[in-house]
1. Are there any pairs, at least 6 apart or on different chains, whose C-beta atoms fall under 8 Å, with the first in the stretch 37-52 and modelled with pLDDT under 75 and the second loosely packed, with under 12 Cβ neighbours inside 10 Å and part of a strand (DSSP E or B), and if so, which?
2. Name the residues in the stretch 15-36 that are at pLDDT below 90 and not hydrophobic (A, V, I, L, M, F, W, C), would you?
Amino acid sequence: MANNDQELMKYMVQSSFDMGGTHQWYEFPNGYGASVTNAPMLHFYRFHSEIAVMKAGNVCYTSGLTDDVMVVNSEEEEVQVLNQILNLQSPS
């Protein structure tokens, strides 16, 4: 388990700045990944970021963690969710 966002950085494969925010892609050794978007201009209400569980480059709705994109309200929650994805059992 990564204790903070600095430890998770080794799994980040791409980061970009657009739409007034950031978009980061993570790939984990268990076969899952994450797409993390923080673009306040795209949303009516305020939150820290949206996180999608990814598998093979697509949003994964069957990970057991969630069946949708997750909304988190702080960096701490973001790190917690990324760790949950990192610790998922490898997809079959």
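1. Ala39/Asp18
2. So in the stretch 15-36, the residues at pLDDT below 90 come out as 15-23.
Scanning the stretch 15-36 gives Ser15, Ser16, Asp18, Gly20, Gly21, Thr22, His23.
The values are calculated or read from the model by the stated rules, or taken from the named source; none is laboratory data. As the structure is a prediction and not an experimental result, all values here were calculated from the model. So basically every Cβ, Gly included, is an ideal-geometry build from the backbone, and we count neighbours across all protein chains shown.
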